[in-house]
1. When the stretch 200-222 is examined, which residues are found to be small (Gly, Ala, Ser) and at negative phi?
2. Restricting to the stretch 235-256, give me the number of residues that are open to solvent by less than 30 Å² (accessible area, probe 1.4 Å) and without any contact (Cβ under 8 Å) to a residue 40 or more places away in the chain.
3. Within the stretch 293-306, work out how many residues are touching a residue at least 24 places away in the same chain (Cβ under 8 Å) and surrounded by fewer than 24 Cβ atoms within 10 Å (Cβ to Cβ).
4. If Gly134 passes every condition in (1) surrounded by 22 or more Cβ atoms within 10 Å (Cβ to Cβ); (2) free of Cβ contacts under 8 Å to residues at least 40 places away in the same chain but one, which one does it miss?
5. Would you call Glu228 touching a residue at least 60 places away in the same chain (Cβ under 8 Å) and either part of a helix (DSSP H, G or I) or closer than 13 Å to Ser287 by Cα (or both)?
6. Of all residues being touching a Lys or Arg at 6+ places or on another chain (Cβ under 9 Å) and open to solvent by less than 90 Å² (accessible area, probe 1.4 Å) in the stretch 168-191, which is modelled with the highest pLDDT? Just the residue, please.
7. Against the definition (open to solvent by less than 30 Å² (accessible area, probe 1.4 Å), outside any loop (DSSP other than H, G, I, E, B), modelled with pLDDT of 90 or more and touching a helix residue (DSSP H, G or I) at 6+ places or on another chain (Cβ under 9 Å)), how does Phe72 come out, yes or no?
8. Tell me, which residue of the stretch 17-44 that is of a type in the set (S, T, N, Q) and at pLDDT 65 or above is nearest to His92 (Cα to Cα)?
Amino acid sequence: MLRKIIVTGDISRIGIRRIDEDNFIIEHNQTNNIRFIYYAIRFALLSSTGITPTIFLGDTDSELINEVSRDFLKNENLMETNDWPNHIYGLHAINYESIDERLMSALDKIIDPDDLIFGFEMSPGMRKWIETRGIKFINLTFHPLRFLSDLYFLITSNDYSIVDALSEFSLTDSDLEFCKDNFFAIASRNTQIIPWIPEGTCVIASQTLSDQSVISESKFLNLNFFKERIICESEKHPFSIILPHPYGDPMWKIEEDVLRSIGGNAMIMPINGYQLISDPRVSKVISISSGLGCEAKCLGKDVDFLLENPIDRATRSSMASITVNANIIRQPIFWSKITESFGLNAKLPIIANNNSPSLRQLLGHSWSFEEFISKKPPPNERRWINLGGLKGNNETIIRSAFKLTVDTEILSQADFDYHSQVITSQGKGVFFRSLLDSDAAKNRGVRSICI
């Protein structure tokens, strides 16, 4: 009989901050997300089942955390290094596929075989640990298709009966087609068209350095791990745009390395990704395992996942999966269906929440989709270009992209070449960052540059 529902998340997704040689501070990166899910479902669950959910944020035992941290550092030969980053995410990567039993000891003390674990983005290692104890779980992951009518969850479980009970809430093919039409309707009215993108452009989408979907063999991967494949693919296209993640490294160090390798037929530009995948001139999207790649594929683009499609990744180790509107978890009927699969009868109280914000609104953002819908003119983006190896049509593309102007006139070829030399002599290598950094450029009357 179901007695307890525990709300938790990936408790191995932690950072370590070293405070001295032997002591560390643990930072559970999923704490806010776990609390968000807990409060989103608490009343609906309580009112329909009489069960008050239990929240579990992870172990905070300082002695245990120090022990696990020291072992990790010794195993990775990091104990003697002085060039410590502020946060060490390597511990998360090590425990992603197979979790350290010690990190689960606190949860082990409060669970019983009849409990249900309701988790947010639990790692494969954590799910395996739960299954070995014969406990049922439901795992929530934000579905990567963010252009849908609202936020959707990809729900996975180790129990077919739970997913089967939720089947009436599933995203249907007709729902998906409707949302795709909405997307293309928005795109058809988008006034922020980029005039200089050539037919056959390739987009290379970067991801955050601590994104769990880029973990493989206990390491966080980035674009540099796949440089040869990226170079090979980019050579098939007239132009490539390297798209930094909005929450990624603001210095673009990895993106810069890739740009140097590709040569003169590419640019780094933090444009809205939806603007690119809606453009018919973009024919290819490359990513490690990004949601933008899933969206591009759904919208008909040719997509290369350098590691894995994130939907396949989220569902591969679970027995059953379903995609549902995220707001359904706040409805008593959702919990009544789940508890019925345990043989319990649930009530269906009426909750007057029809005017409450959606979960997408409660989260406070729409993953750049709201910006695409609003049609507000984007700020002048900073752009980096590799001037080495420019040839043929690429030179024309770059001149158009950067809108190099003296007053209102496009710079002549001589001026373009002159300014290129000014930039490369400023210790920037062959990278174009900003003409306004150059006194020589200012003296020649450069008034405004779109970068």
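1. Passing the criteria: Ala205, Ser206, Ser210, Ser213, Ser216.
2. Residues flagged as open to solvent by less than 30 Å² (accessible area, probe 1.4 Å) and without any contact (Cβ under 8 Å) to a residue 40 or more places away in the chain within the stretch 235-256 amount to 3.
3. Looking only at the stretch 293-306, we keep the residues that are touching a residue at least 24 places away in the same chain (Cβ under 8 Å), and these are 293-296, 298-299, 301, 304, 306.
Among the residues that remain, those that are also surrounded by fewer than 24 Cβ atoms within 10 Å (Cβ to Cβ) are: 294, 298-299, 301, 304, 306.
Result for the stretch 293-306: 6.
4. It is condition (1) that Gly134 fails.
5. No.
6. The residue in question is Phe169.
7. Numbers: open to solvent by less than 30 Å² (accessible area, probe 1.4 Å): yes; outside any loop (DSSP other than H, G, I, E, B): yes; modelled with pLDDT of 90 or more: no; touching a helix residue (DSSP H, G or I) at 6+ places or on another chain (Cβ under 9 Å): yes.
The answer is no for Phe72.
8. Just the residues of the stretch 17-44 that are of a type in the set (S, T, N, Q), to begin with: 23, 29-33.
From what's left, at pLDDT 65 or above: 29-33.
Details: Asn29: 10, Gln30: 12, Thr31: 14, Asn32: 17, Asn33: 16 Å.
Per the stated criteria, the residue is Asn29.
The values are calculated or read from the model by the stated rules, or taken from the named source; none is laboratory data. Quick caveat: nothing in here was measured; it's all calculated off a predicted structure. All Cβ positions, even for glycine, are placed from backbone atoms using ideal geometry, and neighbour counts span all protein chains on display. Calculation scope for accessible area: heavy atoms of the full protein, side chains included, ligands and nucleic acids excluded. Shrake-Rupley method; radii C 1.70, N 1.55, O 1.52, S 1.80 Å.
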